[in-house]
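Novice: The structure's right below; bear with me while I get my questions together.
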Amino acid sequence: MKIAVVGTGYVGLVTGTCFSELGNHVTCIDIDEKKVESMKSGIIPIYEPGLDFLFDRNRKQGRLNFTTDLEEGIKDAMVIFMALPTPPNEDGSADLKYVLKVAEDIGPLLSEYTVIVSKSTVPVGTTELIQDTIRNNANVDFDVVSNPEFLREGVAVEDFMKPDRVVIGTRSIKARSVMDALYAPLVRQGNPIIFMDEKSSELTKYAANAFLATKISFMNEIANLCEKLGSNVDDVRKGVGFDSRIGKRFLFAGIGYGGSCFPKDVQALGKFAGKANYEFKIVNAVMEVNRKQKTRLVEKMRNHFGGDLEGKTVAIWGLAFKPNTDDIREAPALYMIDEFIKSGVKVKAYDPEAMDNIRNLLGNKVELAENEYDALEGADALVIATEWPVFRQPNFDMMVEKLNNKLIFDGRNLYTLEEMKHLGFTYYSIGRSEIHE
Ligand code: NAD
């Protein structure tokens with residue numbers, strides 16, 4: 001099948017690459033000329049494990065192509081995916097200008113029946129809006145389908161190739177059969193393609209993200225309570241997670257959720273619920289808990305140092321919003337860095353993949369270290385913000401050598417209380433006893 005993907009970011013590039021791997025002929029279109037040039041010359045603009053191999057193979061075999069020209073890119077495409085940004089407006093609602101601009105542009109370019117697939121996370125009713133926008137300019141038959149994406153950055157290729165389920169919102173029999181054929185190779189193990197109407201499909205994506213964010217904020221509140229009552233959140237987590245009604249995943253306490261999806265989607269859900277005259281009370285609480293949790297370690301450090309952090313130097317391990325990605329959008333580390341800078345703290349930071357992104361965002365506001373140990377040189381404390389595997393079993397002797405104090409604020413509970421006590425660290429974590437040496 002000939003496929004076009006408009007918007008070649010985290011979702012678009014994975015979608016395009018994976019469909020080309022299945023033998024389809026895919027053209028990825030993006031307005032960012034630098035990005036397109038880089039992809040044409042074989043360089044992937046994002047870090048996503050496993051993507052480079054598939055990207056190389058399909059690009060070299062001519063199944064995966066790139067252009068900035070929408071007309072050239074969608075020519076003869078049977079299916080056009082829209083994987084465009086839907087960032088928050090100032091009031092928290094989803095900004096649809098990228099999606100609707102492409103919808104406007106696509107209309108006059110269609111020359112035969114085409115299925116246009118909205119992969120972006122969009123408020124309920126947007127698929128219909130896209131349909132109306134295209135219809136105003138198009139002279140041929142087409143369908144607009146809602147097909148929200150559930151991939152996780154860091155394991156995006158695996159998620160795309162082996163989805164738990166595929167959700168497709170359409171009431172068109174013709175579009176349904178096209179989508180069924182397209183996704184068939186990805187659901188051979190029997191995972192379902194769930195067909196529904198467009199509005200239910202759009203809401204499914206928000207419901208999934210908001211539910212997961214709720215799980216995180218709920219456990220973070222349990223962790224905060226553990227600290228007050230002397231319980232250990234890691235034990236509580238196991239105790240509840242083995243209940244099959246609850247499940248083990250997404251129960252780790254930490255310093256809040258970040259990334260390009262949960263924060264904006266939870267907020268947008270609250271907004272469009274409000275527009276429909278429904279006050280979605282839980283999402284407001286989830287956001288408030290998360291906002292506070294992101295700077296919880298700064299609060300702990302301030303208390304440790306008697307209220308004043310002026311003149312201190314802090315090392316931060318991990319800047320990406322989670323491991324195995326270079327994405328720093330809404331990362332808890334950014335919120336902490338902001339607080340530290342406001343409090344007169346010098347920040348030295350290291351992340352295995354996100355250094356370029358942080359350099360572009362913050363310039364010389366933070367000192368970027370060569371590796372995790374360099375970041376510790378002369379620092380008064382270490383803050384762990386992202387649970388990269390490489391931080392799990394570090395060389396503690398070298399850490400002690402480089403740090404001014406044996407002091408760790410761990411936002412991801414990477415180490416056991418016993419080992420920290422044994423090593424003589426003063427150790428603050430989330431939802432567990434503090435260790436003071
Ligand atoms: P992104 O910002 O990484 O990529 C979007 C791309 O669209 C950019 O490369 C941008 O240059 C391009 N673009 C903007 N306007 C364009 C235009 N007129 N023509 C062509 N290209 C244009 O975004 P993303 O993370 O891939 O997210 C895309 C959508 O998917 C969002 O709605 C997001 O909420 C949703 N989503 C994201 C994830 C994720 O993990 N990142 C997961 C599921 C769903």
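Novice: Quick one: is GLU387 closer than 20 Å to TYR427 by Cβ and not in a helix (DSSP H, G or I)? Explain how you work it out, then say what you get.
Specialist: Values: closer than 20 Å to TYR427 by Cβ: yes; not in a helix (DSSP H, G or I): yes.
Taking the combined requirement at face value, the residue satisfies it.
Novice: Additional query: Under 8 Å between Cβ atoms, at least 6 apart or on separate chains: pull out the pairs that start in region 11-29 with a residue that is within 13 Å of ALA77 (Cα to Cα) and among the acidic types (Asp, Glu) and end on any residue that is near the ligand (Cβ under 9 Å from one of its atoms) and open to solvent by less than 10 Å² (accessible area, probe 1.4 Å).
Specialist: none
Novice: Go through region 222-267 and give me each residue that's within 28 Å of ALA156 (Cβ to Cβ), open to solvent by 50 Å² or more (accessible area, probe 1.4 Å) and more than 16 Å from the ligand (Cβ to nearest atom).
Specialist: Residues satisfying the conditions are SER244, ILE246, LYS248, ARG249, PHE252.
Novice: Does region 138-147 contain at least one residue that is within 12 Å of THR15 (Cα to Cα) and either within 13 Å of the ligand (Cβ to nearest atom) or in the same structural domain as ALA94 (by TED's automatic domain parsing) (or both)? Before the answer, list the steps.
Specialist: Keep residues of region 138-147 that are within 12 Å of THR15 (Cα to Cα), which gives 147.
Narrowing further to those that are either within 13 Å of the ligand (Cβ to nearest atom) or in the same structural domain as ALA94 (by TED's automatic domain parsing) (or both): 147.
Yes, region 138-147 has at least one match.
Novice: All but one of (1) acidic (Asp, Glu); (2) open to solvent by 60 Å² or more (accessible area, probe 1.4 Å); (3) within 16 Å of the ligand (Cβ to nearest atom) hold for GLU198; state the number of the condition that does not hold.
Specialist: Answer for GLU198: the failing condition is (2).
Novice: Regarding region 128-137, can at least one residue be identified that is touching a Gly at 6+ places or on another chain (Cβ under 6 Å), surrounded by fewer than 23 Cβ atoms within 10 Å (Cβ to Cβ) and part of a loop (DSSP other than H, G, I, E, B)?
Specialist: So far as region 128-137 goes, yes, one or more of its residues are touching a Gly at 6+ places or on another chain (Cβ under 6 Å), surrounded by fewer than 23 Cβ atoms within 10 Å (Cβ to Cβ) and part of a loop (DSSP other than H, G, I, E, B).
Novice: In region 122-137, what residues are under 23 Å from ASN277 (Cα atoms) and touching a Phe, Trp or Tyr at 6+ places or on another chain (Cβ under 7 Å)? Show your work before the answer.
Specialist: Step one: filter region 122-137 for residues under 23 Å from ASN277 (Cα atoms), giving 122-129.
Within region 122-137, PRO123, VAL124 qualify.
Novice: Also, I was wondering about something else. Kindly indicate which of LYS119, LYS162, LYS97, LYS101 is exposed (fewer than 15 other Cβ atoms within 10 Å of the Cβ), within 23 Å of the chain's Cα centre (by Cα) and within 13 Å of the ligand (Cβ to nearest atom).
Specialist: On the way: LYS119 fails: exposed (fewer than 15 other Cβ atoms within 10 Å of the Cβ); LYS162 fails: within 13 Å of the ligand (Cβ to nearest atom); LYS101 fails: within 23 Å of the chain's Cα centre (by Cα).
When all the criteria are applied, what remains is LYS97.
Novice: May I pose another question? Looking at ASP32, ASP69, which one is surrounded by fewer than 19 Cβ atoms within 10 Å (Cβ to Cβ) and either under 30 Å from ALA268 (Cα atoms) or at pLDDT below 95 (or both)? Spell out the reasoning first.
Specialist: Numbers: ASP69 fails: either under 30 Å from ALA268 (Cα atoms) or at pLDDT below 95 (or both).
From the options ASP32, ASP69, the qualifying one is ASP32.
Novice: Okay, moving on. For GLY92, all conditions in the list (1) open to solvent by less than 30 Å² (accessible area, probe 1.4 Å); (2) away from the ligand (no atom under 13 Å from the Cβ); (3) within 22 Å of ARG152 (Cα to Cα) hold save one; what is the number of the exception?
Specialist: Going through (1) open to solvent by less than 30 Å² (accessible area, probe 1.4 Å); (2) away from the ligand (no atom under 13 Å from the Cβ); (3) within 22 Å of ARG152 (Cα to Cα) one by one, GLY92 breaks only (3).
Novice: Taking ASP351 as the residue in question, decide whether it is within 18 Å of GLY411 (Cα to Cα) and without any contact (Cβ under 8 Å) to a residue 24 or more places away in the chain. Reasoning before the result, please.
Specialist: On the way: within 18 Å of GLY411 (Cα to Cα): yes; without any contact (Cβ under 8 Å) to a residue 24 or more places away in the chain: no.
Considered against the rule, which asks whether it is within 18 Å of GLY411 (Cα to Cα) and without any contact (Cβ under 8 Å) to a residue 24 or more places away in the chain, ASP351 comes out as no.
Novice: Related question: Would you point out the residue of region 104-116, among those that are open to solvent by 60 Å² or more (accessible area, probe 1.4 Å) and among the acidic types (Asp, Glu), that is farthest from the ligand (Cβ to nearest atom)? Explain how you work it out, then say what you get.
Specialist: Kept after step one, since they are open to solvent by 60 Å² or more (accessible area, probe 1.4 Å), are these residues of region 104-116: 104, 108, 111-112.
After this cut, where a residue has to be among the acidic types (Asp, Glu) as well, the list is 104, 112.
On the way: GLU104: 10, GLU112: 22 Å.
Only one residue tops the list, namely GLU112.
Novice: A further question follows. Where the second residue is basic (Lys, Arg) and assigned to a loop (DSSP other than H, G, I, E, B) and the first is within 16 Å of the ligand (Cβ to nearest atom) and lies in region 301-327, which pairs have Cβ atoms under 8 Å and are six or more apart or on separate chains?
Specialist: PHE321/ARG329
Conditions (1) in a helix (DSSP H, G or I); (2) under 27 Å from ARG329 (Cβ atoms); (3) not charged (D, E, K, R), marked per residue:
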site: SER177; (1), (2), (3): yes, no, yes
site: LEU182; (1), (2), (3): yes, no, yes
site: ASN191; (1), (2), (3): no, no, yes
site: ALA210; (1), (2), (3): yes, yes, yes
site: GLU221; (1), (2), (3): yes, yes, no
site: ASN224; (1), (2), (3): yes, yes, yes
site: LYS228; (1), (2), (3): yes, no, no
site: ARG237; (1), (2), (3): yes, yes, no
site: LEU251; (1), (2), (3): no, yes, yes
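Novice: Quick check, is THR204 among the polar types (S, T, N, Q), more than 16 Å from the ligand (Cβ to nearest atom), surrounded by 15 or more Cβ atoms within 10 Å (Cβ to Cβ) and assigned to a helix (DSSP H, G or I)? I'd like the intermediate steps shown before the answer.
Specialist: Values: among the polar types (S, T, N, Q): yes; more than 16 Å from the ligand (Cβ to nearest atom): no; surrounded by 15 or more Cβ atoms within 10 Å (Cβ to Cβ): yes; assigned to a helix (DSSP H, G or I): yes.
It is false that THR204 is among the polar types (S, T, N, Q), more than 16 Å from the ligand (Cβ to nearest atom), surrounded by 15 or more Cβ atoms within 10 Å (Cβ to Cβ) and assigned to a helix (DSSP H, G or I).
The values are calculated or read from the model by the stated rules, or taken from the named source; none is laboratory data. Worth saying up front: this structure is predicted, and the values here are computed from it rather than measured. We place every Cβ from the backbone using ideal geometry, glycine too, and count neighbours over all the protein chains shown. Heavy atoms of the whole protein, side chains included, go into the accessibility calculation; ligands, DNA and RNA do not. Shrake-Rupley method; radii C 1.70, N 1.55, O 1.52, S 1.80 Å.
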